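Each remark here refers to the structure printed beneath this line.
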Amino acid sequence: MRRLVVRFTLSHLLVAVVGGLVTFVVVWWLAPTIFDQAIGLGPGGSGRGAGPGYGQALRATFASAVTSSLLIGTLSGALVAAAAGLLLARGLLRPLARVGTAVGELARGNYTHQVPVPRETELASLVSDVNALGSELQATEERRLHLLSEVAHEMRTPLTVIDGYVEAMIDGVMPAEPERLGQVSTEVRRLRRLSDDLSALSRAEEGRLNLTIGPVDLDELAASVVTRLRTQAEDAGITLTAVPGAGTAQADSDRAVQVFTNLVGNAIRATPSGGRITLRGSRVAGRAAMSVEDTGEGIARPDLDRVFERFYRVPGSASVSDGSGIGLTVSRAYMRAQGGDLTVTSAGLGQGATFTATFA
């Protein structure tokens, strides 16, 4: 009884049955009276005498009485059926009106508006989806505002340093020596990196990546990333190695290096001293793949599907204070733009994680 199709079918059936019953009752009640009055057999009447053509006249009179009764009954049944159908339709469509109101609230930015879940299965599914959409939009808006706050915070520190040094040099308090100018240059590079990350996120989400696809030796790229980041890993007490096996794939070498570098950088931040990070190449169903395996803090199961969401960062992870939550989003966009994908697996917290970049 909670399926909408059943409700609509039963409502139409009910309308038809009610209309038929009303018509029958009215005809049954009015036809004899009208017929009796027509031939003079009503109260106090003695009837008309029989004569030539009396039978035909009687049949015609009876037909007229039945027709009049059916007409009145049909009109009465239609009115009753219309009233019953209107009441039933309003009851069934009221949840849809609530959904329309909710969509209007979402369009106005009120993402907290929720719709009561009706009993009908189809409408309940629709309402649940609308409520889930509102919750997701609210979460996305909160992450966006949080990101803007963090970006402003990240910009504030280098801008404060630059402003202080430049103002001191202008006032003559601090000489414009190469060492001081080098510190200013360092803060400018920090701002440029932040700008590049945000620009990369924008291009990735809008599908405006400029790719140069060609044959690339993934094992060679992985070895170069390990060589470049080994010092950073050793400073953190982590062993960083590369295991070849991916071979050649059609890819953009610059984007692939960016993906590997980002994954290894995240792994270094998530792995404690004494841990290991391995770039392992492989072939999966004829496709080249490069995995970054670490023995770090791992990822809880509920967060596995969310680590690639824009602005999302795993609560309590070591990288919360280091990144803006857009690195993995951009990396997956880079891989998918090349016809591949980026996935993650983890046995749980404290058991490390494996990010796998699969190429076409």
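Taking the charge dipole of region 214-358 about its Cα centre, with +1 at Lys and Arg Cβ atoms and -1 at Asp and Glu Cβ atoms, the residue from PHE355, THR278, VAL257 reaching farthest to the positive side is PHE355. Computed 3J(HN,Hα) for region 218-235, one whole-Hz value per residue from the Karplus formula 6.51 cos²θ - 1.76 cosθ + 1.60 where θ = phi - 60°, is 5, 5, 5, 5, 4, 5, 5, 5, 4, 4, 6, 9, 4, 4, 4, 5, 5, 4, glycine and proline marked x. Rg/Rh for region 214-358 (Cα atoms only, Rh after Kirkwood) is 0.94.
For region 182-315, the relative contact order is 21 percent, taking Cα pairs closer than 8 Å that sit 6 or more residues apart in sequence and dividing their mean separation by the residue count. Size descriptors for region 230-285 (Cα atoms only): Rg and Dmax, in that order, 12.6, 37 Å. Exposure proxy shown here: for MET155, MET290, MET335, the number of other Cβ atoms within 10 Å sets the order, fewest to most, as MET155, MET335, MET290. Our coupling estimate for region 346-360, obtained by passing each phi through the Karplus curve with A = 6.51, B = -1.76, C = 1.60 and θ = phi - 60°, is 7, 6, x, 4, x, 10, x, 8, 10, 9, 10, 9, 9, 9, 5 Hz, Gly and Pro reported as x.
Put simply, when 263-271, 176-184 are sorted by average Cβ atoms within 10 angstrom per residue, most first, you get 263-271, 176-184. Rounded to whole numbers, the Karplus 3J(HN,Hα) couplings from phi for region 64-74 are 5, 5, 5, 4, 4, 5, 5, 4, 5, x, 5 Hz, using 6.51 cos²θ - 1.76 cosθ + 1.60 with θ = phi - 60°, and x at Gly and Pro. Label sites at GLU234 and THR157, each approximated as a point 7 angstrom past Cα along Cα to Cβ, lie 2.7 nm apart. Between VAL243 and LEU279, ARG280, GLY281, the built amide H atoms are under 5 Å apart, and every one of these is 5 or more places off in sequence or on another chain.
With the simple spin-label model, which puts each label point 7 Å out from Cα in the Cβ direction, the VAL117 to THR343 separation comes to 3.0 nm.
Laboratory data are not the source of any read-out in this text; all were calculated from the coordinates shown. In this text the structure is predicted, and so the values were computed from the model without any measurement. Backbone-built Cβ (ideal geometry, glycine too); neighbour counts: all protein chains shown.
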